[in-house]
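Notes follow once the structure below has been shown.
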Amino acid sequence: MSELIVALDVSSTAEVEEAVERLGDAVSFYKIGLELFSAAGPDVVRAVKARGKKVFLDLKLHDIPRTVERAVLSGADLGVDLMTIHASGGRAMIKAAADAAAQCGERAPKILAVTVLTSLDQSDLDDLGVSREPAAHVEALGRLACENGADGIVCSPMEVARMRSVLGEDALLCTPGVRPQGADVGDQKRVATPAQAVKDGSTHLVVGRPIMQAADPQAAARAIVAEMGAVEG
Ligand code: C5P
């Protein structure tokens, strides 16, 4: 079953607590990103976990293997359920993250790899000495990540069907850029509806503003979960 993850794009623990209270049992999984974690620290993770929710800690780790290993262990100590690393950190770094998670037994966070940031285009890749096209680079990095122990990748809804066939049925595929029909697209350029993302093979749908800024956030979340469930039957 695919899961809805609500992006907590706010800047304080107080705002997080308010949002989690307000969403109640309509949402059981939240994403904490670099901005919030830098502002509020590990206590914000503890605050969400204390309310019985799952946490996706999206820090996109990219460092030497030992440092990433230690950061994954710290995440596991906080009770984090999903964490991100950059696949471009290389084989040893990916493996260090996966091995660290594996040491944690039942508490093991799942490791997702980021392939190519959606903010990068061909000319940025050229600057970085990457001559293959972005789509080919995404595929190669996705394979590298999963071959070295990552549980899956983060990808756009436009890539998810292709990456499902490249990475096989067990890979976790986490997609932001999800918009219910008729919702404000905001700054997202390549969006899909929740139903389409699930049909294409997404296992985790990250949704922020369409829920957090809705007049009735609980109703917005429940509608998305219902749409996802209708596809899965
Ligand atoms: O508000 P919205 O639904 O667009 O939020 C999507 C979330 O997913 C944000 O936290 C954003 O930073 C994140 N994200 C994204 N696109 C990516 C990677 C992450 O929108 N390529």
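The values are calculated or read from the model by the stated rules, or taken from the named source; none is laboratory data. Given the structure is predicted, the values throughout are model-derived calculations rather than measurements. Note: ideal-geometry Cβ built from the backbone for every residue, glycine included; neighbour counts use all protein chains shown. What goes into the accessible areas is simple: the full protein's heavy atoms, side chains included, and nothing from ligands, DNA or RNA. Shrake-Rupley method; radii C 1.70, N 1.55, O 1.52, S 1.80 Å.
Only the Cβ atoms of Lys and Arg (+1) and of Asp and Glu (-1) were treated as charged; on that basis the dipole of the chain about its Cα centre amounts to roughly 300 debye. Per residue, segment 66-197 exposes 48 Å² of accessible surface when a 1.4 Å probe is rolled over the protein heavy atoms with every protein chain present. Dipole magnitude for segment 63-188: about 300 debye, using +1 per Lys or Arg Cβ and -1 per Asp or Glu Cβ, origin at the Cα centre.
Its Cα centre serving as origin, segment 125-233 has a Cβ charge dipole (Lys and Arg +1, Asp and Glu -1) of approximately 240 debye. Points 7 angstrom from Cα along the Cβ direction at A226 and Q213: gap in nanometres? About 2.4 nm separates the two model spin labels. With Cα atoms as the point set, segment 1-100 shows a radius of gyration and Dmax of 13.8, 42 Å. Loop-resident GluC sites (Glu not before Pro) (DSSP state other than H, G, I, E or B) in segment 149-233 with no more than 12 further Cβ atoms inside 10 Å of their Cβ: E169. Rounded to the nearest 5, the antiparallel percentage of DSSP beta bridges internal to segment 62-205 is 0%.
The shape of the chain can be summarised by an equivalent ellipsoid whose semi-axes, obtained from the alpha carbon gyration tensor, come to 26, 22, 16 Å from longest to shortest.
Largest first, the residues R46, R66, R143 sort by 1.4 Å accessible area into R66, R46, R143.
Considering only protein heavy atoms and a probe of 1.4 Å, how much of the accessible area of the chain is carbon and sulfur, as a whole percent? About 49 percent, which is the carbon plus sulfur part of the accessible surface.
The residue list Q103, I5, P157 was ranked by how far each Cα lies along the charge dipole of segment 3-232 toward its positive end, using unit charges on Cβ atoms, and Q103 comes out on top. Largest accessible area first, the residues E21, E3 order themselves as E21, E3 under a 1.4 Å probe with ligands, DNA and RNA left out.
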